[in-house]
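Taking it in order: structure first as structure tokens, then the write-up.
The values are calculated or read from the model by the stated rules, or taken from the named source; none is laboratory data. As the structure is a prediction and not an experimental result, all values here were calculated from the model. FYI the Cβ positions are ideal-geometry reconstructions off the backbone, even for glycines, and counts take in every protein chain you see.
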Amino acid sequence: MPSTPERYHQKNHRDGAVRPFDGCWHCGRDRATCRSKRRYETREDAEQVVKEINEGEGYVAPVSRYLCRWCLKWHITHATSKLRARRAERARRKWLTRSIRV
């Protein structure tokens, strides 16, 4: 479970202790970004969409799912972090072995 938006603000914004959460430009931008993204109710729904996108594109630019701290629903993002890239690579290898067997 991700941290609450208020906790995230205090921990990650240098002026978190000084500037109030409601007036934080960074948190407002993050909230607006969340509102512009497609939401998936369950992890399984998001995982199914990720699988369809990645297999449809041959894992050229893999995507991954994450739980949003703002809406507490699932979003999709590009797998750019090391952890997400490793997960996508593992899924790509499974997909390749399945497609070779068929």
* From (1) surrounded by fewer than 17 Cβ atoms within 10 Å (Cβ to Cβ); (2) in contact with a helix residue (DSSP H, G or I) (Cβ under 9 Å, 6 or more places away or on another chain), pick out the condition that doesn't hold for residue 96. => (2)
* Asked: Would you call residue 68 within 24 Å of residue 87 (Cβ to Cβ) and either aromatic (Phe, Trp, Tyr) or surrounded by 15 or more Cβ atoms within 10 Å (Cβ to Cβ) (or both)?
  -> yes
* Asked: Got a number for residues in the stretch 1-19 being at pLDDT 75 or above and surrounded by 12 or more Cβ atoms within 10 Å (Cβ to Cβ)?
  -> 9
* Asked: Are there any pairs with C-beta distances below 6 angstrom linking a residue in the stretch 21-37 that is under 16 Å from residue 4 (Cα atoms) to a residue that is part of a helix (DSSP H, G or I), with the two at least 6 apart or on different chains, and if so which?
  -> 21/6; 21/9; 24/9; 27/9
* Asked: Only one of these conditions is not met by residue 73: (1) surrounded by 14 or more Cβ atoms within 10 Å (Cβ to Cβ); (2) in contact with a helix residue (DSSP H, G or I) (Cβ under 8 Å, 6 or more places away or on another chain). Which number is it?
  -> (2)
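Look through the stretch 64-94, keep the residues that are more than 12 Å from residue 37 (Cβ to Cβ) and hydrophobic (A, V, I, L, M, F, W, C), and return whichever of them is nearest to the chain's Cα centre (by Cα).
Filtering the stretch 64-94 for residues more than 12 Å from residue 37 (Cβ to Cβ) gives 64, 67, 69, 72, 78-94.
Checking the rest, the ones that are also hydrophobic (A, V, I, L, M, F, W, C) come to 67, 72, 79, 83, 85, 88, 91.
Working: 67: 6, 72: 11, 79: 8, 83: 12, 85: 12, 88: 13, 91: 16 Å.
Among those that are more than 12 Å from residue 37 (Cβ to Cβ) and hydrophobic (A, V, I, L, M, F, W, C), it is 67.
Do we have residue 70 as in contact (Cβ under 8 Å) with a residue 60 or more places away in the chain, touching a Lys or Arg at 6+ places or on another chain (Cβ under 7 Å), within 21 Å of residue 5 (Cα to Cα) and hydrophobic (A, V, I, L, M, F, W, C) here? First the steps, then the outcome.
Numbers: in contact (Cβ under 8 Å) with a residue 60 or more places away in the chain: yes; touching a Lys or Arg at 6+ places or on another chain (Cβ under 7 Å): yes; within 21 Å of residue 5 (Cα to Cα): yes; hydrophobic (A, V, I, L, M, F, W, C): yes.
Considered against the rule, which asks whether it is in contact (Cβ under 8 Å) with a residue 60 or more places away in the chain, touching a Lys or Arg at 6+ places or on another chain (Cβ under 7 Å), within 21 Å of residue 5 (Cα to Cα) and hydrophobic (A, V, I, L, M, F, W, C), residue 70 comes out as yes.
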